[in-house]
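Enquirer: Quick one: the structure is below, and I'll ask about it shortly.
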């Protein structure tokens, strides 16, 4: 999962960059629209554009209403967002609802909610989420992932790179979610960065 970040994109066209990240079926397999400080109208415009441009599913961070209006595949929610059990009856069949989990207490709360996947982290130190907790490490990720309901895929997020992605998968992750590894630092080619991550966890 590649997550958009306007700060790291630094003016680059997000639709074109996401198209490169997902190109050829060898990179990103899902795109999450995350524009934390943008008005809903802007998030909706980007989500609609990505839905129209990409062959992979697009989900929207935090906003189920925007995801539905954009025709997106789903939404990713945090612990402070409306509970998934309240939302599930109001979304179409097959609409994905993902949940962030960062502690045993959040895992215990989340076990009762009908999430399609858990996003567990931060696995490692990250500068891309100001309210992220202390890094879990691979073993901490493993412990939290084991608390997910049977059959619920768990993905690792937070500081995931080509160098450490395989450790997260070995700890039980079905996949990884990334921001900086594709958009930041020396990652000038999002397609190559996404393909390298896919290869690392294969």
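The values are calculated or read from the model by the stated rules, or taken from the named source; none is laboratory data. Being a predicted model, the structure only gives us computed values, none of them experimental. Don't worry about glycine lacking a Cβ; one is built from the backbone with ideal geometry, like all the others, and counts go over all protein chains shown.
Enquirer: Which members of the range 1-14 meet the condition of being modelled with pLDDT of 90 or more and either over 18 Å from residue 177 (Cα atoms) or in a loop (DSSP other than H, G, I, E, B) (or both)?
Expert: Residues satisfying the conditions are 1, 4, 5, 12, 13.
Enquirer: Another question, then. Out of 56, 66, 33, report the one residue that is crowded, with 20+ Cβ neighbours inside 10 Å and closer than 19 Å to residue 182 by Cα.
Expert: Sole residue among the options that is crowded, with 20+ Cβ neighbours inside 10 Å and closer than 19 Å to residue 182 by Cα: 33.
Enquirer: A further question on this structure: Just give me the residues in the range 117-134 being surrounded by fewer than 16 Cβ atoms within 10 Å (Cβ to Cβ), out of contact with any helix residue (DSSP H, G or I) (no Cβ under 8 Å at 6 or more places or on another chain) and touching a residue at least 24 places away in the same chain (Cβ under 8 Å), in sequence order.
Expert: Listed by number, the residues that qualify are 125, 133.
Enquirer: Quick one: which helices (runs of 4 or more DSSP H) lie wholly within the range 27-115 and hold at least 2 residues that are within 14 Å of the chain's Cα centre (by Cα), under 23 Å from residue 156 (Cα atoms) and without any contact (Cβ under 8 Å) to a residue 60 or more places away in the chain?
Expert: In the range 27-115, there are no helices (runs of 4 or more DSSP H) which contain 2 or more residues that are within 14 Å of the chain's Cα centre (by Cα), under 23 Å from residue 156 (Cα atoms) and without any contact (Cβ under 8 Å) to a residue 60 or more places away in the chain.
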